Amino acid sequence: MARGKLRVYLGAAPGVGKTFRMLGEGQRRAARGGDVVVGLLETHGRTQTAVAAEGLEVVPRRSVTYRGATFGEMDVDAILARHPELVLVDELAHTNIPGTANEKRWQDVVALLNAGINVITTVNIQHLESLNDVVEKITGVPQRETVPDAIVRAADQIELVDMTAEALRRRLAHGNVYAPEKVDAALAQYFRVGNLTALRELALLWLADSVEEGLQRYREAHHIDRTWETRERVVVALTGGPEGELLIRRAARVAARGSADLLAVHVARTDGLSSGTPANLPELQALVESLGGRYHVLAGDNPAEAVLQFARAEDATQLVVGASRRRWISRVLGGLGTAASIIRESGSIDVHIVTHDYVDRGRLPQLARGLSRRRQLLACLLGGLGLLAVTALLAQLRGELTLASIELVYLVVVIAVALVGGLVPAVAAAVLASGAVNYWFTPPLYSFTISDRNNALALAAFVLVAAAVSVVVDLAAKRAGQAARSSAEAEVLSALAGTVLAAAEPLPALLEQLREVFGADAAALQERQPDGGWTTTTRAGAEPGQAAQRTLEAVSEDSRLVVYGRPLSGSDIRLLRAFAGHVGAVRRTERLQQEAAAARTAEAGDKVRTALLSAVGHDLRTPLATIKASASALLDDGVTLAAEDRQELLTGIESAADRLTRLVANLLDMSRLVTGEVTPVRAVTSIHEVVGKVVRSLADHPDAARLQVELDEELPAVLVDAGLTERVLRLVTENALAYGGPQPVLVQASCLGDRMEVRVADRGPGLDRDGKERSFQPFQRMDDVPSGTGIGLGLAVARGLAEAQGGALEPEDTPGGGLTMVLTLPLATGQGAAGSADLVSPARPERG
């Protein structure tokens with residue numbers, strides 16, 4: 001079913017005439033013969049609105065009781081049952097009363113669209129989620145009811161309903177919008193000229209962005225690429241602070257104006273430092289996703305570097321960052337803040353710095369940087385104890401060592417501290433070591449005064465060398481870590497490619513490998529639902545709780561990867577994108593395989609239908625013609641028939657009806673086999689009973705006397721569907737009696753391992769190798785078979801029914817000439833022999 005079309009009348013302010021325009025369009029379509037109903041109309045006591053709806057069918061509202069009061073809401077179920085061509089729904093942003101199926105009216109509209117019903121609706125600019133805070137600042141009136149921008153932008157048509165501020169104020173003054181007692185307050189507050197002018201500008205700008213987006217879709221549909229531009233992506237950096245909501249809404253507006261993707265990123269610091277409140281992050285994440293964006297959490301000890309690394313990995317073109325909340329002392333002691341560092345290192349990425357009410361209201365400075373607290377404390381302990389031990393040892397050897405040798409020993413301690421704790425503890429150790437050398441070993445002793453200029457120069461050189469060595473060691477350690485991570489990434493990517501190629505089920509294997517690589521609690525692939533929600537289709541790991549930390553990565557427009565567990569670093573995000581690419585390739589391959597399988601099934605069905613049309617033209621008409629002619633002769637009052645003639649005609653009708661019944665039964669069986677609808681019910685069955693039923697069913701066959709049955713009374717039971725097995729043996733036996741010549745047809749059975757072989761042998765002309773296989777193809781008849789004797793489905797149906805229950809049907813040459821059909825059936829393991837008391841068989845002549 002095709003999705004319904006959505007038309008939105010967008011108003012700059014209440015009272016501009018959106019509902020009138022909606023009702024007018026409904027009246028025009030109804031006048032042209034369209035099936036139009038009013039799903040929900042809010043007149044707000046306006047007589048003109050009620051008059052405009054006259055003549056239109058109105059679906060009664062559904063009564064909902066809440067807190068002792070009764071409210072009327074749109075009856076979605078009634079509209080779906082009525083299923084009109086078009087439904088008019090007023091006030092798209094309305095919040096439904098608790099107790100209804102959906103929380104918001106726009107969700108009701110989505111349900112109607114998914115059912116194939118066209119919808120015309122109304123909404124004001126102040127109810128759009130991305131503009132909600134701006135409208136509140138302009139008018140001073142908060143709007144509690146909002147609708148996601150994506151819902152309105154997805155409309156097939158958006159029409160702005162607008163009028164000048166003065167005209168709208170005159171309409172209010174005439175009492176056409178609010179009751180007379182409310183007009184003065186409305187004109188003095190919300191409907192001031194400045195407010196209305198600003199709202200009109202917002203509406204025009206928002207609609208201009210929507211028109212640009214529609215134009216882009218048109219160019220893509222018509223392959224117009226002369227002015228093609230790279231799609232923009234806007235990244236907003238969140239600290240978890242109170243300014244986060246403002247930043248997200250500002251970034252959403254920037255993204256909307258440029259038809260760009262919105263991505264939010266929060267850096268969880270691995271050194272334990274944080275400038276935000278983690279409790280705010282779930283609310284910020286929900287806001288980002290409601291605005292159509294994606295939310296990411298990264299791990300790192302340098303927020304600026306992590307944000308830029310993520311932005312470059314996502315090919316972002318713009319960054320939205322809040323102004324620093326750090327106080328002046330933090331800027332003095334801590335150097336550049338995150339925003340300043342981002343600006344300095346952003347390169348070609350445009351950076352928007354958003355001011356807010358929390359500037360200069362951050363926490364006092366925290367000086368700990370770099371490696372983890374544990375390693376820094378260990379380095380400080382090593383430096384302190386090491387310097388004390390070295391000083392005590394060298395003091396005993398003061399007269400035996402030169403100053404240069406003493407400084408080299410101290411330098412070893414400084415390098416050790418740099419290896420453990422990084423740059424800051426190493427520099428501190430270098431300063432302390434220089435003081436120890438100066439105090440204990442540089443004349444005059446036990447004083448920080450230096451009498452010899454050469455000693456002063458040597459001590460200064462020692463400090464510089466110690467600091468330089470510390471920097472080099474720190475950088476080398478970082479480069480070694482980066483090289484190790486790169487090597488690990490290369491190994492993961494290599495294993496990733498092998499998983500895709502070798503795994504029987506690559507998607508679950510990929511998710512399990514992803515979980516193991518990142519040490520995550522769980523990894524899942526989620527698909528977007530028609531209502532905009534997400535559902536998990538494949539998961540590796542335990543079921544995550546609702547509060548579990550998530551990292552998201554898009555696979556396609558309608559699918560995404562979700563990693564539950566610790567936050568990922570920027571390099572991890574790059575690796576996650578590689579996983580997403582492989583998952584996307586696997587999903588595309590699976591869809592192609594499903595489409596190919598469906599195409600093969602459809603092709604097989606088409607072949608059957610084509611062959612059926614070409615084969616049944618004569619074979620079905622022949623028995624019908626016999627029945628028609630015989631019945632016409634019997635009904636003709638002008639013809640006098642003898643009793644023998646009358647009996648002959650009746651016999652002909654019966655014979656033709658039986659033949660027609662067999663033809664239709666074969667056609668139905670073949671159709672069921674092609675579509676895979678045969679579901680056998682296997683049970684322990686006696687082969688004697690099955691063969692006995694076949695013999696009894698052929699008692700009236702003209703060649704029944706040629707049928708011979710030779711079955712050992714001690715044959716074990718088989719595990720088959722008795723009805724299907726009987727039909728297979730009947731078809732095979734009828735074929736042997738019809739085309740096996742005048743000699744007897746013999747039915748025998750024997751056991752071979754865990755299988756039973758039932759043989760139906762004739763003494764006819766037999767078939768060559770090609771003829772044996774061709775005989776099992778649908779609508780195949782031998783060249784010497786006259787038309788009108790069947791449509792060539794018997795053996796094809798017989799083989800299909802045999803294979804459907806785990807058996808097989810194969811042709812063999814009969815010794816001495818002829819054809820033998822061998823039906824192989826599985827034995828019922830552990831079952832005893834079956835008797836043959838019910839077997840009815842003609843007398844067995846001696847075999848020659």
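The values are calculated or read from the model by the stated rules, or taken from the named source; none is laboratory data. A quick note: this is a predicted structure, and the numbers were derived from the prediction, not measured. Because the Cβ atoms are built from the backbone with ideal geometry, glycine has one as well, and the counts that use them run over all protein chains shown. Remember, those area values only see protein heavy atoms, side chains included, never the ligands or the DNA or RNA. Shrake-Rupley method; radii C 1.70, N 1.55, O 1.52, S 1.80 Å.
Want the number for Arg61 to Arg453: 0.36 nm per residue separation, take away the alpha-carbon distance, what's left?
Between Arg61 and Arg453, full extension yields an extra 131.3 nm.
Please list Ile353, Ile117 in order of solvent-accessible area, largest first, computed with a 1.4 Å probe with all protein chains present.
Numbers: Ile353 75, Ile117 0 Å².
Largest to smallest exposure gives the sequence Ile353, Ile117.
By accessible area of protein heavy atoms, probe 1.4 Å, what ranking do Phe579, Phe71 get, highest first?
Heavy-atom accessible area, descending, gives Phe71, Phe579.
Which ³J(HN,Hα) values, rounded to whole Hz and listed in residue order, are derived for segment 252-260 from phi using the Karplus coefficients 6.51, -1.76 and 1.60 in 6.51 cos²θ - 1.76 cosθ + 1.60 with θ = phi - 60°, glycine and proline given as x?
4, 5, 4, 5, 5, 5, x, 6, 9
Report, by chain and number, residues whose modeled amide H sits under 5 Å from the one on Val236, excluding near sequence neighbours (fewer than 5 apart, same chain).
Leu263, Ala264, Val265, Val320
Around Lys104, which amide H atoms from residues at least 5 apart in sequence, or from another chain, sit under 5 Å from its own amide H, with H modelled in the peptide plane?
Amide H neighbours of Lys104, under 5 Å, 5+ apart: Asn96.
Report the one residue of Ser63, Val36, Gly17 whose Cα lies farthest in the direction of the positive end of the charge dipole of segment 11-66 (charges on C-beta: Lys and Arg +1, Asp and Glu -1; origin at the Cα centre).
Gly17
Any idea what diffusion coefficient segment 127-195 gets from Stokes-Einstein, in µm²/s, Kirkwood Rh on alpha carbon pairs, 37 °C, 0.692 mPa s?
237
Tell me, what HN-Hα J-couplings in whole Hz come from the Karplus equation 6.51 cos²θ - 1.76 cosθ + 1.60 at θ = phi - 60° for each residue of segment 401-416, using x for Gly and Pro?
10, 7, 4, 5, 5, 4, 5, 5, 5, 4, 5, 4, 5, 4, 5, 4
Within the accessible area of segment 1-116, what % is carbon and sulfur when the probe is 1.4 Å and the other protein chains stay in place? Present the calculation step by step, with values, prior to reporting the outcome.
Numbers: 2770 of 5410 Å².
For segment 1-116, the apolar C and S fraction of the accessible surface comes to 51 percent.
Please give the FRET efficiency for Ala704 paired with Leu592, using the beta carbon to beta carbon distance and R0 = 51 Å, rounded to the nearest 0.05.
After rounding to 0.05, the efficiency reads 0.45.
Rounded to whole Hz and in sequence order, give me ³J(HN,Hα) for segment 341-355 from the Karplus expression 6.51 cos²θ - 1.76 cosθ + 1.60, θ = phi - 60°, writing x for Gly and Pro.
These are the phi-based 3J(HN,Hα) values: 5, 5, 4, 5, 9, 5, x, 7, 7, 6, 10, 9, 9, 9, 7 Hz.
Rank-order 339-348, 311-320 by packing density, defined as the average count of other C-beta atoms within 10 Å over each peptide's residues, highest first.
In decreasing order of mean packing, 339-348, 311-320 become 311-320, 339-348.
Stretch Ala633-Arg479 to full length: gain in nm at 0.36 nm per residue minus the Cα-Cα span?
Result for the pair: 45.2 nm of gain on full extension.
Skipping prolines and chain starts, which residues have an amide H placed within reach, meaning under 5 Å, of the one on Arg566, given they are 5 or more residues away or on another chain?
Here the answer is Asp521, since their amide H atoms fall under 5 Å of that of Arg566.
Note down the nm distance, to one decimal, between modelled labels 7 Å out along Cα→Cβ at Glu283 and at Glu159.
4.0
Using a 1.4 angstrom probe and counting only protein chains, how large is the accessible area of Tyr564 in Å², to 10?
Solvent-accessible area, nearest 10 Å²: 20 Å².
With +1 on each Lys and Arg Cβ and -1 on each Asp and Glu Cβ, and nothing else charged, work out how big the dipole of segment 131-171 is about its Cα centre, in Debye to the nearest 20. Write down the numbers at each step before the final one.
Working: 6 positive and 8 negative charges, 52 e Å.
Dipole of segment 131-171, to the nearest 20 debye: 260 debye.
I need the calculated FRET efficiency for the pair Arg769 and Arg374, taking r as the beta carbon distance and R₀ as 56 Å, to the nearest 0.05.
The formula returns an efficiency of 0.10 here.
Suppose R0 equals 30 Å; then what is the FRET efficiency for His352 and Thr197 from their Cβ-Cβ distance, rounded to the nearest 0.05?
0.75
Sorted by packing (mean other beta-carbon atoms within 10 Å per residue), highest first, where do 143-149, 243-249, 178-184 land? Walk me through the numbers before you get to the answer.
Values: 143-149: 18.0, 243-249: 21.0, 178-184: 12.7.
Per-residue mean Cβ counts within 10 Å order the peptides as 243-249, 143-149, 178-184.
For the full complex of protein chains and a 1.4 angstrom probe, list Leu41, Leu510 by accessible area with the highest value first.
Leu41, Leu510
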